[in-house]
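Structure first, then comments.
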Amino acid sequence: MESFDFNITNENGLHTRPGALLVKACKVFSSSVTVTKGERTVNAKSLMKLMGLGICKNDQILVAVEGDDEAEAIVYLHGFLAELKG
C-alpha cells in the first residue's frame, strides 16, 4: 500500500463537482483507493461516501492506494488533486 497526505486548497473544499472528478479518476485504476479525514476512512470510488466526509478548504486528507497499479495511481492522484480547481 502507498499513501500520501494532502492539504485541500480549493476555496470550496471537495464539493460535488470536484468530488465527482476525483471518483472518476480513481475508477481508472484497479487498485482500491481510500480517503481518510480525521478518524473516518471511505472508498474514494463512491461519491456519496466521499461527500460524507465533508472535506473543506484547509482540511488534511490521507489518500491510500492498494493493488496492482498502486504506484501509477498514487502519482496520478497526487497530481490530479494538486491541479483540481473549483
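The values are calculated or read from the model by the stated rules, or taken from the named source; none is laboratory data. Quantities reported herein were computed from a predicted structural model and do not represent experimental measurements. Here the Cβ is made from the backbone with ideal geometry for all residues, glycine too, and neighbour counts use every protein chain on show. Note: areas computed on protein heavy atoms with side chains; ligands, DNA, RNA excluded. Shrake-Rupley method; radii C 1.70, N 1.55, O 1.52, S 1.80 Å.
Among the lysines in the chain, how many pairs, 8 or more places apart or on different chains, have alpha carbons under 13 Å apart?
Qualifying lysine pairs in the chain: 5.
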Can you list which of the GluC sites (Glu not before Pro) found in segment 1-82 are DSSP loop residues with at most 16 other C-beta atoms within 10 Å? Glu11, Glu39
Quick check: at a probe of 1.4 Å, how many percent of the accessible area of the chain sits on carbon and sulfur atoms? 52 percent
Three-way shape label, segment 24-64, alpha-carbon gyration tensor, a/c 1.5: prolate
Keeping all protein chains in place, calculate the accessible area per residue for the chain (probe 1.4 angstrom), answer in Å². 56 Å²
In degrees from 0 to 90, rounded to the nearest 10, what is the angle of the helix 16-27 Cα long axis to the longest principal axis of the chain? 0 degrees
Relative to the longest principal axis of the chain, what angle (0 to 90°, nearest 10) does the C-alpha long axis of helix 70-83 take? 20 degrees
